[in-house]
Amino acid sequence: MSNSKSRLFFLDAIRAWAILMMLQGHFIDGLLDNVFRDNSNFLFSTWKYFRGITAPVFFTVSGFIFTFLLIKSSQTGWDNPRVKKGLKRGLELLAIGYILRMNLFGIFKGEIYDSFYLIDVLHCIGISLLFITGFYLLTFAKQKWIFPTILLFTTLLLFIFEPTYKASNFEYLPQFIGNYLTKSNGSVFTIIPWLGYATIGSFMSVLFSKYQDNKNLYFYIVPIYIFTGLVLILFSSDFFYSIYEVTGIQLFQSIYYNNYLFIRLGDVLIVFATFIILRKFLMNSTWLKIGQSTLSIYIIHFIILYGSFTGIGLYSFFHHSLNPWVAVFGAILFIISSTFLALKYEKHKAEIKTVVISFSTTTKMYLEQAALIAFEILRTLTEKLLRVLGLIKN
């Protein structure tokens with residue numbers, strides 16, 4: 001556990017926990033009957049609170065890992081191979097996000113449903129990677145403190161001004177663009193404020209990388225994370241209210257009444273500290289593979305639960321209809337099946353890609369041949385028709 005590579009294992013463990021939490025969260029939230037959604041019930045309120053931690057953790061750890069790999073390269077700027085990989089990955093996540101929302105039946109009818117344009121977690125993580133890469137490219141040739149400072153201030157600005165931009169529906173923008181900024185049209189996530197968790201993860205990664213060779217790194221970082229996390233959870237709301245009392249600025253009162261962003265950031269830091277403490281017990285290969293296969297797991301769960309491409313998924317059959325016992329048991333089966341299929345795919349990814357490429361090549365060849373044959377038939381029929389009409393001579 002002394003080398004930098006092994007230090008990332010706890011991040012894979014966090015990602016594994018986050019993706020499994022996401023699976024059960026989506027399943028239960030989508031299928032549990034509304035009758036059982038009682039906030040006064042201790043079990044439900046506890047589940048709801050921890051479900052709210054999942055997305056902030058996922059965004060933060062994504063920004064952390066991406067930046068760790070980005071800045072550890074000895075090459076800088078465009079010469080850094082991680083820059084092109086980051087841009088490619090960001091665009092890839094955007095493309096997958098839209099593909100998962102495609103409905104083939106609608107396309108066959110010549111329609112693209114509004115749900116295709118809605119923004120989800122993949123879109124936001126993709127955009128976040130592009131932003132972080134952009135910040136890196138703008139600052140790599142400058143003093144080293146500028147990059148993390150921009151990351152930190154991006155988070156603070158997005159979190160502090162959330163009450164301001166949340167009130168806008170950005171109706172003056174095309175809906176395709178506006179969906180990245182507002183939930184008013186049905187988007188699940190928006191780039192503001194969720195980019196803020198990715199950039200704070202990136203900021204944490206810069207500091208982690210700077211001191212990664214210090215043998216006492218974990219000895220210092222765990223209490224710092226716990227202390228900062230508890231301060232954000234317990235005192236950040238009162239802090240903003242005290243600023244409001246002194247300045248009279250309404251913005252700070254609005255933050256006080258809905259201070260979920262800073263509180264969730266505190267939760268994220270507690271989660272990070274917990275996994276660092278337990279890192280020696282989280283070296284199970286399957287667990288780490290789950291953390292390294294989050295994209296595959298997300299895609300498979302989206303298809304099974306929401307019915308990507310066909311609109312036929314568990315959501316369409318059992319939407320808000322299950323009792324708690326069935327929902328919990330179903331969530332367990334859903335987690336196991338989605339994870340099993342994803343790990344199987346990852347194991348045979350190379351063979352599957354080869355088969356897909358071969359099938360695509362063969363299909364393309366046959367389609368080209370069919371097109372040539374169809375063209376010849378059409379040309380012959382056209383000539384015959386023109387002769388019958390006397391428009392051309394034999």
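The values are calculated or read from the model by the stated rules, or taken from the named source; none is laboratory data. Worth saying up front: this structure is predicted, and the values here are computed from it rather than measured. Quick reminder, even Gly has a Cβ in these numbers, built from the backbone with ideal geometry, and neighbours come from all protein chains shown. These accessible areas exclude ligands, DNA and RNA; they are computed on the full protein's heavy atoms, side chains included. Shrake-Rupley method; radii C 1.70, N 1.55, O 1.52, S 1.80 Å.
Using a 1.4 Å probe and counting only protein heavy atoms, arrange ASP238, ASP29 so the residue with the most accessible area comes first.
Putting ASP238, ASP29 in descending order of accessible area: ASP238, ASP29.
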Original post:
Which values, in whole Å and largest first, are the semi-axes of the equivalent ellipsoid of segment 122-161 obtained as the square root of 5 times each eigenvalue of the Cα gyration tensor?
Top reply: 19, 15, 5
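Just to be sure I follow the definition: excluding the sites themselves, where is the longest run in the chain that has none of the GluC sites (Glu not before Pro) in a DSSP loop with at most 14 other Cβ atoms within 10 Å? Kindly include the intermediate steps, with their values, before the conclusion.
Values: sites that count: GLU111, GLU171.
Excluding the exposed sites themselves, the longest stretch runs over 172-394.
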**OP:** In a Gaussian network model over the chain where Cα atoms closer than 10 Å are linked, find which of ALA167, ALA370, ALA16 has the largest mean-square fluctuation.
**Re:** ALA370
Original post:
Can you give the Kirkwood hydrodynamic radius of segment 215-318 from its Cα pairs, in Å with one decimal?
Top reply: 17.4 Å
Original post:
Relative contact order of the chain: what whole-number percent is it, with Cα pairs under 8 angstrom and at least 6 residues apart?
Top reply: 26 percent
**OP:** Taking Rg/Rh (Cα atoms, Kirkwood Rh) as the quantity of interest, determine which of [x] 1.25; [y] 1.36; [z] 1.06 was computed from the displayed structure.
**Re:** [z]
Original post:
Got a number for carbon plus sulfur as a percent of segment 104-203's accessible area, 1.4 Å probe?
Top reply: 70 percent
Original post:
Hey, any idea what % of segment 243-393's accessible area is carbon plus sulfur with a 1.4 Å probe?
Top reply: 71 percent
Subject >> Length-normalised contact order for segment 213-272 - Cα pairs under 8 Å, 6+ apart - percent >> reply: 45 percent
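Counting only helical runs of four or more DSSP H residues, what would the 222 nm mean residue ellipticity of the chain come to if each run contributes -39,500 (n - 2.57) and the total is spread over all its residues?
Using -39500 (n - 2.57) per qualifying helix, the result is -24500 deg cm²/dmol.
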Original post:
What are the radius of gyration and Dmax of segment 178-264, computed over its Cα atoms and given in Å?
Top reply: 16.8, 50
Original post:
Taking the simple approach of a point 7 Å from Cα along Cα-to-Cβ for both SER45 and GLU376, what is their distance in nm?
Top reply: 7.7 nm
Original post:
Considering the dipole of segment 136-223 built from charges on the beta carbon (Lys and Arg +1, Asp and Glu -1) around the Cα centre, which of LEU157, GLN212, ILE146 is farthest to its positive end?
Top reply: GLN212
**OP:** With springs only between Cα atoms under 10 Å apart, run a GNM on the chain and tell me which of GLN175, GLN250, GLN24 wobbles the most.
**Re:** GLN250
Original post:
Under a plain spin-label model, where a point goes 7 Å from the Cα along Cα-to-Cβ, how far apart in nm are LEU91 and THR76?
Top reply: 2.6 nm
Subject >> Nearest-20 debye value, the chain charge dipole, Cβ charges on Lys, Arg, Asp, Glu >> reply: 1320 debye
**OP:** Could you tell me what percent of the accessible area of segment 1-100 is made up of carbon and sulfur, with a 1.4 Å probe and every protein chain present?
**Re:** 60 percent
Original post:
Which FRET efficiency value, to the nearest 0.05, do you get for VAL35 and ILE332 by plugging their Cβ-Cβ distance into 1/(1 + (r/R0)^6) with R0 = 30 Å?
Top reply: 0.90
**OP:** Would you please name the trypsin sites (Lys or Arg not before Pro) within segment 67-139 that are DSSP coil residues with at most 10 other C-beta atoms within 10 Å of their C-beta?
**Re:** LYS109
Original post:
Just going by the charge dipole of segment 272-394, with Lys and Arg at +1 and Asp and Glu at -1 on Cβ, which of ASN323, ILE300, TYR366 is farthest out on the positive end?
Top reply: TYR366
**OP:** Between GLN212 and GLN175, take the C-beta separation as r, use R0 = 45 Å, and let me know the FRET efficiency to the nearest 0.05.
**Re:** 0.55
**OP:** Provide the per residue accessible area, probe 1.4 Å, for the chain, rounded to a whole number of square angstrom.
**Re:** 56 Å²
Original post:
What does the highest-first list of 120-127, 284-291, 211-218, 93-100 look like by mean Cβ count within 10 Å?
Top reply: 120-127, 93-100, 284-291, 211-218
Original post:
By the scheme Lys and Arg +1, Asp and Glu -1, what is the net charge of all other residues having a beta-carbon under 14 Å from that of VAL356?
Top reply: +2
**OP:** Which order do the peptides 265-278, 139-152 take when ranked by the mean count of other beta-carbon atoms within 10 Å per residue, highest first?
**Re:** 265-278, 139-152
Original post:
Anyone know which of GLY52, GLY196, GLY186 comes out most mobile in the 10 Å Cα GNM of the chain?
Top reply: GLY186
Original post:
How long are the semi-axes of the ellipsoid equivalent to segment 324-394, from square roots of 5 times the Cα gyration tensor eigenvalues, in whole Å, largest first?
Top reply: 56, 19, 4
Subject >> 20 Å cut-off, amide nitrogen to a point 7 angstrom out along THR363 Cα→Cβ, residues in segment 83-111 >> reply: 95-111
